[in-house]
Amino acid sequence: MSTTKAIQAVGAPFIKFQDRDKIEYFQNGKIYFKSLAYYRQRERETGDDTVGDVFEAMFHVNNGFLCIPEIGVFKKLDDALIHSCFANHYAFCMLSLFEDKPEFKFTNEQKEKILGFGDSALLITNRSEFLHRVAMALGREKIEGAHGFVNYYDEASDNSDYWFSILRSGPQNIAFSKRKRYSYQQEYRLLIKPPTTETDHFELDIGNIADISTILTADQALNAIALCQGSV
């Protein structure tokens, strides 16, 4: 990083910010998926809207109507959240750099807010290999999964582009949508269908990834300059 030698990366890196013990656990190959219901409950019960989010995998409608003629439902919706079929899926979240930007620096907002996630960071230096190992582990466990960037939308208005993106990409896209207040997180999400578990989390073992990752302090990661040529 800025105070160390350059770190070579293949593709745009992923970065996970957490406390040191959890980062070491992750580097040892354990991916800790949490139920999206957990994040909704966290904001409702604690007021934490940094990690928690009552909108997770919910359809948000500012002003509209719910009409189901078959059962005689006709209801006005004002700032309503509608439960989706993906509301209880499990997710693992990372920050992702963008491959189409020649240079990247964290903003002051990101430096301030992301430090709240933990004192350490895991820099994944081979994006495609990491995703390959995740896919192989999910295959062994016979668990359905998806991955991709989170899209950020303005919850203050009903946005037709947002609704069309869900219709175009399928309802699963609702689990990859968050309010724009979270855009500083630049989130890349791993999503899995609820496995057979009675807990609010699921651990997937992909094997040690020390060969494609580097542990840094959160401060080192946040004060880095990332170059598209492959050095960070």
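When the residues of region 10-59 are narrowed to those that are assigned to a loop (DSSP other than H, G, I, E, B) and closer than 12 Å to Leu122 by Cβ, which ends up modelled with the lowest pLDDT?
This residue is Pro13.
Out of (1) closer than 20 Å to Leu191 by Cβ; (2) open to solvent by less than 50 Å² (accessible area, probe 1.4 Å); (3) out of contact with any Ser or Thr (no Cβ under 6 Å at 6 or more places or on another chain); (4) at pLDDT below 95, what's the single condition that is false for Met1?
All conditions are met except number (1).
For residues that are of a type in the set (D, E, K, R) and more than 16 Å from Arg181 (Cα to Cα), scanning just region 38-54, find the one that is surrounded by the fewest Cβ atoms within 10 Å (Cβ to Cβ).
Step by step, filter region 38-54, then rank; the result is Glu45.
Please note which helices (runs of 4 or more DSSP H) are completely contained in region 124-232 and include at least 3 residues that are open to solvent by 20 Å² or more (accessible area, probe 1.4 Å) and either modelled with pLDDT of 95 or more or in contact with a Lys or Arg (Cβ under 6 Å, 6 or more places away or on another chain) (or both).
Hits in region 124-232: 127-141.
Considering only region 107-122, I want to know if a residue exists there that is surrounded by fewer than 16 Cβ atoms within 10 Å (Cβ to Cβ), at pLDDT below 90 and among the acidic types (Asp, Glu).
For region 107-122, residues surrounded by fewer than 16 Cβ atoms within 10 Å (Cβ to Cβ), at pLDDT below 90 and among the acidic types (Asp, Glu): absent.
Tell me which of these Cys67 doesn't satisfy, since it passes every other one: (1) modelled with pLDDT of 90 or more; (2) in a strand (DSSP E or B).
Status for Cys67: all satisfied but (1).
The values are calculated or read from the model by the stated rules, or taken from the named source; none is laboratory data. Since the model is a prediction, treat every value here as computed from it, not as a measurement. Heads up, the Cβs are rebuilt from the backbone with ideal geometry, glycines too, and the neighbour counts pull from every protein chain shown. In case anyone asks, the SASA skips ligands and DNA or RNA and just uses the protein heavy atoms, side chains included. Shrake-Rupley method; radii C 1.70, N 1.55, O 1.52, S 1.80 Å.
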